[in-house]
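The values are calculated or read from the model by the stated rules, or taken from the named source; none is laboratory data. Just so we're clear, the structure is a prediction, and the values are computed from it rather than from any experiment. Counting neighbours? That spans all protein chains shown, and the Cβs are built from the backbone with ideal geometry, glycine included.
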Amino acid sequence: MKAAVVAVIAILAVIAVFAQPGQAVSCGQVDAALVPCISYLTGRGGDSPSPACCSGVKAVKDMAQTTADKRGCCSCIKAAANRYADLKDAAAQSLPTKCGVQMDIPVSRTVDCDKIN
């Protein structure tokens, strides 16, 4: 049941991105897309991210098309990462690669988002 709710939230976030072209990316959209990744990132979800998590990572990549969007997504990801004291840095850094997504946005608590192009 919980997975279904998370999937619905992720889908709604993606729909919201496409329904409002030209709007800035919100942290709510980024957070909703990455909610399925929390168990993997905190070490409670096994050695691989779930398909729902990887779909969320791909959705964030699709949201971040401009430099401003990339920096905005980065700030949202950084803030979200800092909310989880048990976040595993190695899992966060490997997340895009494990999902087969090449991201310009690092998943990190310490990244300087202003340096992203």
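The residue pairs whose first member lies in the stretch 60-82 and is farther than 17 Å from residue 36 by Cα, whose second member is of a type outside the set (A, V, I, L, M) and surrounded by fewer than 23 Cβ atoms within 10 Å (Cβ to Cβ), and whose beta carbons are closer than 6 Å, counting only pairs six or more residues apart or on different chains, are 64/70; 67/117; 70/104; 71/113; 74/113; 75/113. Scanning the stretch 92-117 for residues that are in a loop (DSSP other than H, G, I, E, B), within 15 Å of residue 71 (Cβ to Cβ) and touching a helix residue (DSSP H, G or I) at 6+ places or on another chain (Cβ under 8 Å) yields 103, 104, 105, 106, 107, 108, 111, 116, 117. The residues listed here are 76, 113; of these, the one that is within 12 Å of residue 25 (Cβ to Cβ), in contact with a Ser or Thr (Cβ under 9 Å, 6 or more places away or on another chain) and crowded, with 17+ Cβ neighbours inside 10 Å is 76. Against the conditions (1) part of a helix (DSSP H, G or I); (2) among the hydrophobic types (A, V, I, L, M, F, W, C); (3) modelled with pLDDT under 95, residue 54 satisfies every one except (3).
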